[in-house]
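Peer 1: Encoded as structure tokens, here's the structure I'll be asking about.
The values are calculated or read from the model by the stated rules, or taken from the named source; none is laboratory data. Since this is a predicted model, take the numbers as computed values, not measurements. All Cβ positions, glycine included, derive from the backbone under ideal geometry; neighbour counts span all protein chains shown.
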């Protein structure tokens, strides 16, 4: 069985604040991938990052950083110095449990981030 | 840089009508998907395909049909539209699927309203 939890339904911050979006992924698989996507108000889905379970190094891309800790099953996403353009719904999405052939992603409701000017 | 292209972007259907959502990708991907997203929810898988001539049902296939005659195209057919099919539809593609670590790329979405 697999379960992904984004406990924060909505977050509201003021521009330039740092914000962390939490994701906890529970699975029996010993190796797996996790993906983050962004869905801005315009509706499209934008791929942000893919990480695998055997790489626990933090990833930094500009103002975005990801902290993956396998011991706690957490894959958190931090935006530094948030901007209004960061306002979106963010999804932490694992693949359908290995063993199936679909190769699709599982999406929960995500976390809605609102950045106020 | 076309990627995944969906048409139409917006459509209003009357109950009982049928229509086809078109999807094409130019990345030579084997895997293609159709998802739907209801307001405030995540995406649910309707159908998927792992290659030309091969399709299978996802989580919510009722009321839909697909075909995959070429690698590039993966149209979604809605038969006898119902209000419950009002949703945003996303087509997506991937080289070998997310379970192999391959990124899934999404089209811009198609907003469908059934009245």
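Peer 1: Could you list all residues from the stretch B:1-14 that are surrounded by fewer than 19 Cβ atoms within 10 Å (Cβ to Cβ) and either under 25 Å from residue A:41 (Cβ atoms) or in contact with a helix residue (DSSP H, G or I) (Cβ under 7 Å, 6 or more places away or on another chain) (or both)?
Peer 2: B:1, B:2, B:3, B:5, B:7, B:8, B:9, B:10, B:11, B:12, B:13
One line per residue, one yes/no per condition, for (1) free of Cβ contacts under 8 Å to residues at least 60 places away in the same chain; (2) within 15 Å of residue A:112 (Cα to Cα); (3) touching a strand residue (DSSP E or B) at 6+ places or on another chain (Cβ under 7 Å):
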{"site": "A:11", "(1), (2), (3)": "no, yes, yes"}
{"site": "A:16", "(1), (2), (3)": "no, no, no"}
{"site": "A:24", "(1), (2), (3)": "yes, no, yes"}
{"site": "A:30", "(1), (2), (3)": "yes, no, no"}
{"site": "A:48", "(1), (2), (3)": "yes, no, yes"}
{"site": "A:51", "(1), (2), (3)": "yes, no, yes"}
{"site": "A:76", "(1), (2), (3)": "yes, yes, yes"}
{"site": "A:81", "(1), (2), (3)": "no, no, no"}
{"site": "A:84", "(1), (2), (3)": "no, yes, yes"}
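Peer 1: Quick check: is even one residue across the stretch B:34-47 farther than 28 Å from residue A:9 by Cβ, at pLDDT 95 or above and outside any strand (DSSP E or B)? If you could, list the steps in order and put the result at the bottom.
Peer 2: Restricting attention to the stretch B:34-47, the residues satisfying the condition of being farther than 28 Å from residue A:9 by Cβ are B:47.
Retained after the next criterion (residues that are at pLDDT 95 or above): B:47.
Right, trim to outside any strand (DSSP E or B) and you get none.
Looking through the stretch B:34-47, none of the residues is farther than 28 Å from residue A:9 by Cβ, at pLDDT 95 or above and outside any strand (DSSP E or B).
Peer 1: Considering only the stretch B:103-115, state which residues are touching a residue at least 60 places away in the same chain (Cβ under 8 Å) and not in a strand (DSSP E or B).
Peer 2: B:104, B:107, B:108, B:109, B:115
Peer 1: Restricted to the stretch B:92-111, and to residues that are closer than 17 Å to residue B:50 by Cα and within 11 Å of the chain's Cα centre (by Cα), which residue is nearest to the other protein chains (Cβ to nearest Cβ)? Before the answer, list the steps.
Peer 2: Just the residues of the stretch B:92-111 that are closer than 17 Å to residue B:50 by Cα, to begin with: B:92-106.
Those left that are additionally within 11 Å of the chain's Cα centre (by Cα): B:92-93, B:106.
Values: B:92: 8, B:93: 11, B:106: 4 Å.
Here the residue is B:106.
Peer 1: Hey, could you check the stretch A:1-17 for residues that are loosely packed, with under 15 Cβ neighbours inside 10 Å and outside any strand (DSSP E or B) and say which is nearest to the other protein chains (Cβ to nearest Cβ)?
Peer 2: The extreme case among them is A:9.
Peer 1: Right, another one. Taking the condition of being within 14 Å of chain A (Cβ to nearest Cβ), without any contact (Cβ under 8 Å) to a residue 24 or more places away in the chain, within 12 Å of the chain's Cα centre (by Cα) and in a strand (DSSP E or B), how many residues in the stretch B:56-68 meet it?
Peer 2: The total comes to 1.
Peer 1: So is residue B:21 farther than 21 Å from residue A:107 by Cα and surrounded by 13 or more Cβ atoms within 10 Å (Cβ to Cβ) or not? Before you say what the answer is, go through the steps one by one.
Peer 2: On the way: farther than 21 Å from residue A:107 by Cα: yes; surrounded by 13 or more Cβ atoms within 10 Å (Cβ to Cβ): yes.
Spelling it out, residue B:21 is indeed farther than 21 Å from residue A:107 by Cα and surrounded by 13 or more Cβ atoms within 10 Å (Cβ to Cβ).
Peer 1: Test residue B:40 against the criterion of being crowded, with 18+ Cβ neighbours inside 10 Å and within 12 Å of another protein chain (Cβ to nearest Cβ), and give yes or no.
Peer 2: no
Peer 1: Going through the stretch A:73-92 one residue at a time, which ones are part of a helix (DSSP H, G or I) and either within 15 Å of the chain's Cα centre (by Cα) or surrounded by 13 or more Cβ atoms within 10 Å (Cβ to Cβ) (or both)?
Peer 2: A:86
Peer 1: I'd like the full set of residues that are free of Cβ contacts under 8 Å to residues at least 60 places away in the same chain and within 14 Å of chain A (Cβ to nearest Cβ), limited to the stretch B:69-91.
Peer 2: Hits for the stretch B:69-91 are B:74, B:87, B:88.
Peer 1: Looking only at the stretch A:18-63, filter to residues that are in contact with a helix residue (DSSP H, G or I) (Cβ under 9 Å, 6 or more places away or on another chain) and in a strand (DSSP E or B); which one of those is surrounded by the most Cβ atoms within 10 Å (Cβ to Cβ)?
Peer 2: Across the stretch A:18-63, the extreme among qualifying residues is A:35.
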